[in-house]
Amino acid sequence: MNRRRAVWGRWVTNLLLVANLILLAGIFWRLNQPPRPDPAIVGLAVRATVFALPTPTPYIVEVQVTRILEITRLVQAPTPIPTATATFTPTATAAPAPSPPPTPAAESRSFGAADAPVAAVAAQLAPTASPTPQAPAAVVGDAGACPAASGHQYVTVPVAGYGDGRTDYLHGDLNLSLRGYSPVDVPGQLINKDGPVDSDPPQLAGIFADNRLPGFGQSYQVYDWDWGCGEYGCRGGALDLVQATLTTFDSGPGETVGIPHRGPQIYGGGYKALVLYAEETRVTLGYTRDDSVAHGYAVHIENLCIDPGLLAQYRAANAAGRAFLPALREDEPLGVAALGDILVAVRDRGVFFDPRSRLDWWHGF
(Lines give C-alpha, C1' and ligand atoms only; values in the text may rest on other atoms or scores of the structure.)
Protein backbone atom coordinates (compact mmCIF):
# COMPACT_ATOMS: atom_id res chain seq x y z
CA MET A 1 0.00 0.00 0.00
CA ASN A 2 2.75 2.41 0.89
CA ARG A 3 4.57 1.45 -2.25
CA ARG A 4 1.57 2.37 -4.39
CA ARG A 5 1.29 5.71 -2.67
CA ALA A 6 4.95 6.44 -3.31
CA VAL A 7 4.63 5.60 -7.02
CA TRP A 8 1.48 7.70 -7.31
CA GLY A 9 3.22 10.62 -5.61
CA ARG A 10 6.12 10.46 -8.08
CA TRP A 11 3.65 10.51 -11.01
CA VAL A 12 1.88 13.56 -9.65
CA THR A 13 5.20 15.30 -9.08
CA ASN A 14 6.35 14.56 -12.60
CA LEU A 15 3.05 15.80 -14.05
CA LEU A 16 3.32 19.07 -12.11
CA LEU A 17 6.92 19.51 -13.28
CA VAL A 18 5.93 18.95 -16.92
CA ALA A 19 3.03 21.38 -16.56
CA ASN A 20 5.34 24.01 -15.10
CA LEU A 21 7.79 23.53 -17.98
CA ILE A 22 4.99 23.88 -20.53
CA LEU A 23 3.73 27.01 -18.77
CA LEU A 24 7.21 28.55 -18.71
CA ALA A 25 7.73 27.76 -22.41
CA GLY A 26 4.44 29.46 -23.22
CA ILE A 27 5.39 32.51 -21.23
CA PHE A 28 8.78 32.82 -23.00
CA TRP A 29 7.10 32.41 -26.44
CA ARG A 30 4.52 35.09 -25.67
CA LEU A 31 7.19 37.53 -24.51
CA ASN A 32 9.04 37.11 -27.81
CA GLN A 33 5.94 37.96 -29.89
CA PRO A 34 5.32 41.60 -31.06
CA PRO A 35 2.43 43.32 -29.33
CA ARG A 36 -0.87 43.12 -31.11
CA PRO A 37 -2.46 46.51 -31.92
CA ASP A 38 -5.72 47.37 -30.35
CA PRO A 39 -8.45 47.10 -33.03
CA ALA A 40 -10.11 50.23 -31.67
CA ILE A 41 -6.91 52.23 -32.03
CA VAL A 42 -6.38 50.88 -35.57
CA GLY A 43 -9.86 51.96 -36.58
CA LEU A 44 -9.34 55.41 -35.12
CA ALA A 45 -6.06 55.83 -37.04
CA VAL A 46 -7.69 54.78 -40.31
CA ARG A 47 -10.52 57.29 -39.87
CA ALA A 48 -8.06 60.08 -38.99
CA THR A 49 -5.96 59.34 -42.08
CA VAL A 50 -8.94 59.35 -44.41
CA PHE A 51 -10.37 62.60 -43.11
CA ALA A 52 -6.93 64.28 -43.02
CA LEU A 53 -6.26 63.79 -46.75
CA PRO A 54 -5.88 67.23 -48.42
CA THR A 55 -8.29 68.40 -51.05
CA PRO A 56 -6.78 67.90 -54.50
CA THR A 57 -5.34 71.18 -55.82
CA PRO A 58 -6.73 72.22 -59.21
CA TYR A 59 -4.10 72.92 -61.85
CA ILE A 60 -4.51 75.28 -64.77
CA VAL A 61 -2.38 74.53 -67.78
CA GLU A 62 -1.50 77.62 -69.81
CA VAL A 63 -0.04 77.37 -73.28
CA GLN A 64 2.05 80.32 -74.39
CA VAL A 65 3.11 80.75 -77.98
CA THR A 66 6.29 82.73 -78.43
CA ARG A 67 6.89 84.49 -81.70
CA ILE A 68 10.37 83.85 -83.01
CA LEU A 69 11.96 86.69 -84.89
CA GLU A 70 15.09 86.48 -86.94
CA ILE A 71 17.03 89.73 -86.71
CA THR A 72 19.31 90.55 -89.60
CA ARG A 73 21.43 93.66 -89.27
CA LEU A 74 23.29 95.14 -92.20
CA VAL A 75 26.63 96.45 -91.06
CA GLN A 76 28.29 99.23 -92.97
CA ALA A 77 32.01 99.66 -92.71
CA PRO A 78 32.69 102.85 -90.72
CA THR A 79 34.30 105.70 -92.56
CA PRO A 80 37.93 106.00 -91.47
CA ILE A 81 38.35 108.80 -88.97
CA PRO A 82 41.56 110.84 -89.29
CA THR A 83 43.74 110.56 -86.23
CA ALA A 84 44.57 113.69 -84.29
CA THR A 85 48.04 114.04 -82.88
CA ALA A 86 48.19 113.88 -79.10
CA THR A 87 50.90 113.14 -76.58
CA PHE A 88 50.12 110.96 -73.55
CA THR A 89 52.29 110.68 -70.49
CA PRO A 90 53.47 107.08 -70.06
CA THR A 91 52.51 105.37 -66.79
CA ALA A 92 53.90 102.50 -64.80
CA THR A 93 50.93 100.36 -65.77
CA ALA A 94 51.84 97.29 -67.77
CA ALA A 95 48.61 97.55 -69.79
CA PRO A 96 48.86 98.82 -73.39
CA ALA A 97 48.67 102.58 -73.92
CA PRO A 98 45.30 104.19 -74.69
CA SER A 99 44.44 104.41 -78.34
CA PRO A 100 44.83 107.85 -79.97
CA PRO A 101 41.67 109.96 -80.10
CA PRO A 102 39.97 110.51 -83.44
CA THR A 103 38.85 113.90 -84.68
CA PRO A 104 35.10 114.20 -83.97
CA ALA A 105 33.06 113.57 -87.09
CA ALA A 106 29.47 114.37 -87.90
CA GLU A 107 27.22 111.57 -86.63
CA SER A 108 23.55 110.82 -87.23
CA ARG A 109 21.44 111.06 -84.08
CA SER A 110 18.95 108.39 -85.23
CA PHE A 111 19.00 104.93 -86.75
CA GLY A 112 20.63 104.92 -90.18
CA ALA A 113 19.32 103.13 -93.23
CA ALA A 114 21.44 100.09 -92.41
CA ASP A 115 19.84 99.88 -88.97
CA ALA A 116 16.26 100.10 -90.21
CA PRO A 117 15.50 96.33 -89.89
CA VAL A 118 16.84 96.27 -86.33
CA ALA A 119 14.99 99.45 -85.43
CA ALA A 120 11.74 97.92 -86.66
CA VAL A 121 12.30 94.78 -84.60
CA ALA A 122 13.27 96.79 -81.51
CA ALA A 123 9.81 98.36 -81.46
CA GLN A 124 8.30 94.86 -81.35
CA LEU A 125 10.43 93.61 -78.45
CA ALA A 126 8.51 95.59 -75.82
CA PRO A 127 5.47 93.76 -74.31
CA THR A 128 2.09 94.88 -75.67
CA ALA A 129 -0.16 93.55 -72.90
CA SER A 130 -0.11 96.90 -71.11
CA PRO A 131 0.69 100.51 -72.06
CA THR A 132 4.39 101.00 -72.66
CA PRO A 133 5.84 102.73 -69.57
CA GLN A 134 7.97 105.59 -70.83
CA ALA A 135 9.56 108.56 -69.14
CA PRO A 136 7.33 111.65 -69.15
CA ALA A 137 7.92 113.71 -72.29
CA ALA A 138 8.73 116.81 -70.23
CA VAL A 139 11.77 115.10 -68.71
CA VAL A 140 13.73 114.47 -71.91
CA GLY A 141 15.01 117.47 -73.83
CA ASP A 142 15.48 117.92 -77.58
CA ALA A 143 18.88 116.67 -78.74
CA GLY A 144 18.79 119.39 -81.39
CA ALA A 145 19.73 121.88 -78.67
CA CYS A 146 23.01 120.06 -78.03
CA PRO A 147 26.37 121.37 -79.35
CA ALA A 148 27.34 119.99 -82.73
CA ALA A 149 31.11 119.94 -82.10
CA SER A 150 33.71 120.34 -79.37
CA GLY A 151 37.45 120.72 -79.04
CA HIS A 152 37.81 117.92 -76.49
CA GLN A 153 39.70 114.74 -77.27
CA TYR A 154 39.21 111.37 -75.64
CA VAL A 155 41.01 108.03 -75.59
CA THR A 156 39.96 104.42 -75.48
CA VAL A 157 41.38 101.69 -73.25
CA PRO A 158 41.31 97.90 -73.66
CA VAL A 159 38.21 96.18 -72.32
CA ALA A 160 38.75 93.29 -69.90
CA GLY A 161 35.87 91.27 -71.32
CA TYR A 162 32.46 89.97 -70.23
CA GLY A 163 30.50 91.57 -73.08
CA ASP A 164 27.55 89.45 -74.23
CA GLY A 165 27.54 90.50 -77.89
CA ARG A 166 24.08 92.10 -77.88
CA THR A 167 23.51 95.27 -79.90
CA ASP A 168 24.20 98.21 -77.62
CA TYR A 169 21.03 100.27 -78.16
CA LEU A 170 18.85 97.13 -77.74
CA HIS A 171 20.58 96.15 -74.49
CA GLY A 172 18.41 96.62 -71.39
CA ASP A 173 21.41 97.06 -69.10
CA LEU A 174 23.10 99.68 -71.28
CA ASN A 175 20.32 101.79 -72.78
CA LEU A 176 18.15 103.01 -69.89
CA SER A 177 15.48 104.35 -72.25
CA LEU A 178 14.48 100.75 -73.06
CA ARG A 179 13.48 100.20 -69.44
CA GLY A 180 11.76 103.54 -68.91
CA TYR A 181 10.70 104.84 -65.51
CA SER A 182 7.64 106.15 -63.69
CA PRO A 183 7.41 109.04 -61.19
CA VAL A 184 7.23 108.30 -57.48
CA ASP A 185 6.32 110.62 -54.61
CA VAL A 186 9.34 110.70 -52.26
CA PRO A 187 11.10 113.54 -50.39
CA GLY A 188 13.61 115.56 -52.41
CA GLN A 189 16.40 115.24 -49.87
CA LEU A 190 19.19 112.93 -48.70
CA ILE A 191 18.12 109.80 -46.84
CA ASN A 192 19.95 107.64 -44.30
CA LYS A 193 19.92 103.86 -44.30
CA ASP A 194 21.01 101.03 -42.03
CA GLY A 195 23.38 98.21 -42.88
CA PRO A 196 26.89 97.86 -44.29
CA VAL A 197 28.27 100.59 -46.53
CA ASP A 198 31.15 100.41 -49.02
CA SER A 199 34.05 102.68 -48.10
CA ASP A 200 34.64 103.95 -51.67
CA PRO A 201 31.54 103.99 -53.90
CA PRO A 202 31.18 106.59 -56.67
CA GLN A 203 30.47 110.03 -55.20
CA LEU A 204 27.73 111.74 -57.17
CA ALA A 205 28.82 115.23 -56.12
CA GLY A 206 31.71 114.80 -58.58
CA ILE A 207 29.24 115.18 -61.45
CA PHE A 208 29.44 118.94 -60.86
CA ALA A 209 32.58 121.04 -61.16
CA ASP A 210 32.02 122.61 -57.72
CA ASN A 211 31.54 119.16 -56.13
CA ARG A 212 28.25 120.26 -54.58
CA LEU A 213 25.12 118.65 -53.22
CA PRO A 214 22.46 119.66 -55.78
CA GLY A 215 18.81 120.15 -55.11
CA PHE A 216 16.73 117.07 -55.81
CA GLY A 217 13.68 117.24 -58.05
CA GLN A 218 11.29 114.51 -59.17
CA SER A 219 12.33 110.92 -58.44
CA TYR A 220 11.35 107.81 -60.38
CA GLN A 221 11.27 104.03 -60.22
CA VAL A 222 13.12 102.37 -63.09
CA TYR A 223 11.43 99.35 -64.63
CA ASP A 224 12.93 95.89 -64.29
CA TRP A 225 14.27 93.96 -67.28
CA ASP A 226 13.28 90.33 -67.87
CA TRP A 227 16.08 88.53 -69.70
CA GLY A 228 13.97 85.38 -69.96
CA CYS A 229 11.65 86.62 -72.73
CA GLY A 230 13.67 86.42 -75.91
CA GLU A 231 17.21 87.19 -76.93
CA TYR A 232 17.08 90.81 -75.83
CA GLY A 233 14.58 90.48 -72.97
CA CYS A 234 11.62 92.74 -72.24
CA ARG A 235 10.47 95.32 -69.74
CA GLY A 236 9.09 94.16 -66.38
CA GLY A 237 7.46 95.89 -63.43
CA ALA A 238 8.77 98.86 -61.49
CA LEU A 239 11.73 98.19 -59.17
CA ASP A 240 10.42 99.03 -55.70
CA LEU A 241 12.95 97.47 -53.30
CA VAL A 242 14.03 101.03 -52.52
CA GLN A 243 11.97 104.20 -52.61
CA ALA A 244 13.53 105.63 -55.78
CA THR A 245 16.01 104.39 -58.40
CA LEU A 246 16.35 107.53 -60.54
CA THR A 247 16.47 111.12 -59.26
CA THR A 248 16.52 114.55 -60.88
CA PHE A 249 19.53 116.73 -59.97
CA ASP A 250 19.16 120.49 -60.30
CA SER A 251 21.60 121.65 -63.00
CA GLY A 252 22.51 125.11 -64.28
CA PRO A 253 21.88 125.94 -67.96
CA GLY A 254 24.89 124.78 -69.96
CA GLU A 255 26.69 123.54 -66.84
CA THR A 256 29.58 121.15 -67.47
CA VAL A 257 28.88 117.59 -66.34
CA GLY A 258 31.63 115.13 -65.33
CA ILE A 259 31.85 111.62 -63.98
CA PRO A 260 31.14 110.70 -60.34
CA HIS A 261 34.43 110.52 -58.42
CA ARG A 262 35.96 107.34 -57.01
CA GLY A 263 39.43 106.46 -55.74
CA PRO A 264 40.44 103.33 -57.72
CA GLN A 265 41.67 103.67 -61.28
CA ILE A 266 40.47 101.28 -63.95
CA TYR A 267 43.48 102.16 -66.13
CA GLY A 268 46.81 103.90 -65.60
CA GLY A 269 46.85 107.65 -66.06
CA GLY A 270 43.94 108.47 -63.78
CA TYR A 271 41.16 106.86 -65.80
CA LYS A 272 38.25 106.07 -63.45
CA ALA A 273 35.20 105.22 -65.59
CA LEU A 274 34.46 103.36 -68.83
CA VAL A 275 31.78 104.53 -71.28
CA LEU A 276 29.58 101.46 -71.75
CA TYR A 277 26.90 103.26 -73.76
CA ALA A 278 26.40 106.75 -75.18
CA GLU A 279 23.96 108.58 -77.37
CA GLU A 280 23.18 112.27 -77.72
CA THR A 281 21.23 112.66 -74.46
CA ARG A 282 22.31 109.77 -72.21
CA VAL A 283 25.35 107.82 -71.07
CA THR A 284 26.08 104.67 -69.04
CA LEU A 285 29.36 104.57 -67.10
CA GLY A 286 31.06 101.50 -65.65
CA TYR A 287 33.65 101.59 -62.87
CA THR A 288 35.52 98.49 -64.03
CA ARG A 289 37.06 97.64 -67.43
CA ASP A 290 34.38 94.98 -67.96
CA ASP A 291 31.92 95.51 -70.81
CA SER A 292 29.09 94.88 -68.34
CA VAL A 293 27.29 96.42 -65.36
CA ALA A 294 27.26 93.08 -63.52
CA HIS A 295 30.67 93.18 -61.80
CA GLY A 296 30.91 96.59 -60.17
CA TYR A 297 29.46 100.07 -59.95
CA ALA A 298 27.62 101.69 -62.86
CA VAL A 299 25.98 105.10 -63.26
CA HIS A 300 23.29 106.16 -65.76
CA ILE A 301 22.98 109.88 -66.53
CA GLU A 302 19.99 111.06 -68.57
CA ASN A 303 18.93 114.33 -70.19
CA LEU A 304 22.33 115.85 -70.86
CA CYS A 305 24.23 116.69 -74.05
CA ILE A 306 27.08 114.20 -74.44
CA ASP A 307 30.26 115.84 -75.73
CA PRO A 308 30.30 115.30 -79.54
CA GLY A 309 33.94 114.20 -79.43
CA LEU A 310 33.17 111.56 -76.80
CA LEU A 311 30.10 110.38 -78.71
CA ALA A 312 32.10 110.02 -81.93
CA GLN A 313 34.80 108.11 -80.06
CA TYR A 314 32.27 105.74 -78.52
CA ARG A 315 30.51 105.06 -81.83
CA ALA A 316 33.79 104.31 -83.58
CA ALA A 317 34.84 101.94 -80.77
CA ASN A 318 31.44 100.23 -80.76
CA ALA A 319 31.53 99.74 -84.55
CA ALA A 320 35.04 98.27 -84.25
CA GLY A 321 33.82 95.48 -81.95
CA ARG A 322 34.09 97.02 -78.44
CA ALA A 323 37.55 95.59 -77.72
CA PHE A 324 38.41 99.18 -76.72
CA LEU A 325 35.98 101.68 -75.18
CA PRO A 326 36.37 105.34 -74.15
CA ALA A 327 37.64 105.96 -70.62
CA LEU A 328 37.36 109.18 -68.61
CA ARG A 329 39.34 110.95 -65.93
CA GLU A 330 37.70 113.05 -63.25
CA ASP A 331 38.94 116.27 -64.87
CA GLU A 332 37.44 115.49 -68.30
CA PRO A 333 33.99 116.76 -69.32
CA LEU A 334 31.31 114.21 -70.02
CA GLY A 335 28.96 116.75 -71.57
CA VAL A 336 26.82 119.75 -70.67
CA ALA A 337 23.43 120.16 -69.00
CA ALA A 338 21.88 122.06 -71.92
CA LEU A 339 18.48 120.32 -71.82
CA GLY A 340 17.44 121.17 -68.27
CA ASP A 341 18.03 119.22 -65.07
CA ILE A 342 19.84 115.89 -65.39
CA LEU A 343 18.63 112.52 -64.05
CA VAL A 344 20.94 110.04 -62.33
CA ALA A 345 20.66 106.33 -61.47
CA VAL A 346 23.38 104.34 -59.71
CA ARG A 347 23.91 100.57 -59.56
CA ASP A 348 26.12 98.05 -57.80
CA ARG A 349 26.59 94.68 -59.54
CA GLY A 350 23.52 95.38 -61.64
CA VAL A 351 21.21 96.28 -58.74
CA PHE A 352 19.65 99.75 -58.72
CA PHE A 353 20.04 101.76 -55.48
CA ASP A 354 18.50 104.99 -54.23
CA PRO A 355 20.58 107.94 -55.54
CA ARG A 356 19.61 109.98 -52.45
CA SER A 357 21.43 107.68 -49.98
CA ARG A 358 23.81 109.80 -47.92
CA LEU A 359 25.89 106.87 -46.64
CA ASP A 360 26.51 105.51 -50.13
CA TRP A 361 26.84 108.31 -52.68
CA TRP A 362 27.14 111.56 -50.66
CA HIS A 363 29.98 111.17 -48.15
CA GLY A 364 30.56 114.28 -46.14
CA PHE A 365 27.13 115.86 -46.71
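List of remarks:
- Leading residue by the ranking (surrounded by the fewest Cβ atoms within 10 Å (Cβ to Cβ)) among those in segment 155-201 that are of a type in the set (A, V, I, L, M) and in contact with a Pro (Cβ under 9 Å, 6 or more places away or on another chain): VAL155
- Check on GLY335, buried (at least 23 other Cβ atoms within 10 Å of the Cβ), over 25 Å from the mean Cα position of the chain (by Cα) and not aliphatic (A, V, I, L, M): yes
- Filter result for GLU279 (over 16 Å from VAL155 (Cβ atoms), touching a Leu at 6+ places or on another chain (Cβ under 6 Å) and acidic (Asp, Glu)): no
- Complete set of residues in segment 235-255 that are in a strand (DSSP E or B) and buried (at least 16 other Cβ atoms within 10 Å of the Cβ): ARG235, GLY236, ALA238, LEU246, THR247, THR248, PHE249, GLU255
- Qualifying residues in segment 329-348 (those that are in contact with a helix residue (DSSP H, G or I) (Cβ under 8 Å, 6 or more places away or on another chain) and in a strand (DSSP E or B)) - the one farthest from SER182 (Cα to Cα): GLY335
- Taking every residue in segment 348-365 that is farther than 16 Å from PHE216 by Cβ and modelled with pLDDT of 95 or more and pairing it with any residue that is of a type in the set (Phe, Trp, Tyr) and surrounded by 14 or more Cβ atoms within 10 Å (Cβ to Cβ), at least 6 positions away or on another chain, the pairs with Cβ-Cβ distances below 7 Å are ASP348/TYR297.
- Within segment 267-279, the presence of a residue that is touching a Phe, Trp or Tyr at 6+ places or on another chain (Cβ under 6 Å), over 30 Å from GLN243 (Cα atoms), surrounded by 24 or more Cβ atoms within 10 Å (Cβ to Cβ) and aliphatic (A, V, I, L, M) is excluded.
- Residues (over 24 Å from GLY165 (Cβ atoms) and within 25 Å of the chain's Cα centre (by Cα)) located in segment 285-305: ILE301, GLU302, ASN303, LEU304
- All positions within segment 216-234 that are in contact with a helix residue (DSSP H, G or I) (Cβ under 8 Å, 6 or more places away or on another chain) and either at negative phi or in a strand (DSSP E or B) (or both): VAL222, TYR223, ASP224, TRP225, TYR232, CYS234
- Among the residues making up segment 259-295, those that are closer than 13 Å to ASP331 by Cα and either in a strand (DSSP E or B) or among the hydrophobic types (A, V, I, L, M, F, W, C) (or both) are ILE259, HIS261, TYR271, LYS272, ALA273.
- Some residue of segment 307-315 being touching a residue at least 12 places away in the same chain (Cβ under 8 Å), in contact with a Lys or Arg (Cβ under 6 Å, 6 or more places away or on another chain), among the charged types (D, E, K, R) and surrounded by 22 or more Cβ atoms within 10 Å (Cβ to Cβ): no
The values are calculated or read from the model by the stated rules, or taken from the named source; none is laboratory data. Quick caveat, the model's predicted, so the values are computed rather than measured. No Cβ is skipped: glycine too gets one built from the backbone with ideal geometry, and neighbour counts run over all protein chains shown.
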